[in-house]
Amino acid sequence: MRVEKKKMDKLLYTTYDQDKVNDLQEILGELNLDIEVIGLSSIDYAPQKSYSEETFLNNARNTAHRLAEYTKLPTLSESSGLSVDYLFNSLGILPYHHDGQDDKARLLGYLGGVPSEKRTASYYTTFAFSWPGQEDNDIVSAGRISGVIAKYSFCNSTYGYDSLFVVPKLVKTFGEMNIDERNQVSQRRVALDRLLADLPSWWQAQKQVTTR
């Protein structure tokens, strides 16, 4: 007798970074959650992510809502950013999603001549999980890590400001760290772990609402 394979639930992670998709898939496997993670590269004509809101939380939630409505899939979104204390009053938060050499050069230009003790900064990451049609039941999580902006890049990383953001605990930039070191100090991993701790019960509750 032929036994049909159980169809896996799917989760959309709003990123084109396949390493992030694979990492989340591995974590869900460790939690014994039978959920397939797909990224934006699997979605045709995916709507743009939200970068227009004043807070990382609202950007993450708006992106999750838009993509969940478009795909009809449970959707995880994240919004991250860098806040530099010396610049905050005049320039506010420099968006993490605007990466590339031009932004790094601009940041270093803003901090030209500023001593190390005044180059303090924080990385923020906010996650939002949304179920299609049930936006009022989102679960969210946020993390923060403090550090210092270096006076020049310490690696060739092109991802955000990773090559400039020094974490005092390890005396390294994010760009210089291996994956284990990043997970040890990363505000992103802390926020993601908090969110995933609530995921199994939340997922089942949303499924029950959907089938009523």
The conditions are (1) out of contact with any Phe, Trp or Tyr (no Cβ under 9 Å at 6 or more places or on another chain); (2) without any contact (Cβ under 8 Å) to a residue 40 or more places away in the chain; (3) surrounded by 20 or more Cβ atoms within 10 Å (Cβ to Cβ), and residue 147 fails exactly one of them. Which is it? (1)
Quick check on region 186-208: of everything there that is open to solvent by 40 Å² or more (accessible area, probe 1.4 Å) and either among the acidic types (Asp, Glu) or not in a helix (DSSP H, G or I) (or both), which residue is farthest from residue 27 (Cα to Cα)? 198
Cβ pairs under 6 Å, 6+ apart or interchain, first in region 25-49 and over 19 Å from residue 65 (Cβ atoms), second assigned to a loop (DSSP other than H, G, I, E, B), ordered by first then second residue, are 34/8; 36/8; 41/16
Which residue is surrounded by the most Cβ atoms within 10 Å (Cβ to Cβ), if the candidates are limited to region 110-128 and must be in contact with a strand residue (DSSP E or B) (Cβ under 8 Å, 6 or more places away or on another chain) and β-branched (Val, Ile, Thr)? 126
Please enumerate the residues belonging to region 14-37 that are farther than 17 Å from residue 77 by Cβ and either outside any helix (DSSP H, G or I) or not charged (D, E, K, R) (or both). 22, 29, 31, 32, 33, 34, 36
Out of (1) in contact (Cβ under 8 Å) with a residue 24 or more places away in the chain; (2) open to solvent by 50 Å² or more (accessible area, probe 1.4 Å); (3) within 27 Å of residue 25 (Cβ to Cβ), the odd one out for residue 183 is which? (1)
As an exercise: evaluate residue 76 against (1) in a strand (DSSP E or B); (2) at pLDDT below 95; (3) hydrophobic (A, V, I, L, M, F, W, C); (4) open to solvent by less than 30 Å² (accessible area, probe 1.4 Å) and give the number of the one condition it does not meet. (2)
Can you name every residue in region 22-54 that is among the aromatic types (Phe, Trp, Tyr) and either buried (at least 17 other Cβ atoms within 10 Å of the Cβ) or more than 18 Å from the chain's Cα centre (by Cα) (or both)? 45
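The values are calculated or read from the model by the stated rules, or taken from the named source; none is laboratory data. Owing to the predicted nature of the structure, the values given are computational and were not obtained by experimental measurement. When we count neighbours, we look across all protein chains shown, and the Cβ atoms used for this are built from the backbone with ideal geometry, even at glycine. Accessible surface areas use protein heavy atoms only, side chains included; no ligands, DNA or RNA. Shrake-Rupley method; radii C 1.70, N 1.55, O 1.52, S 1.80 Å.
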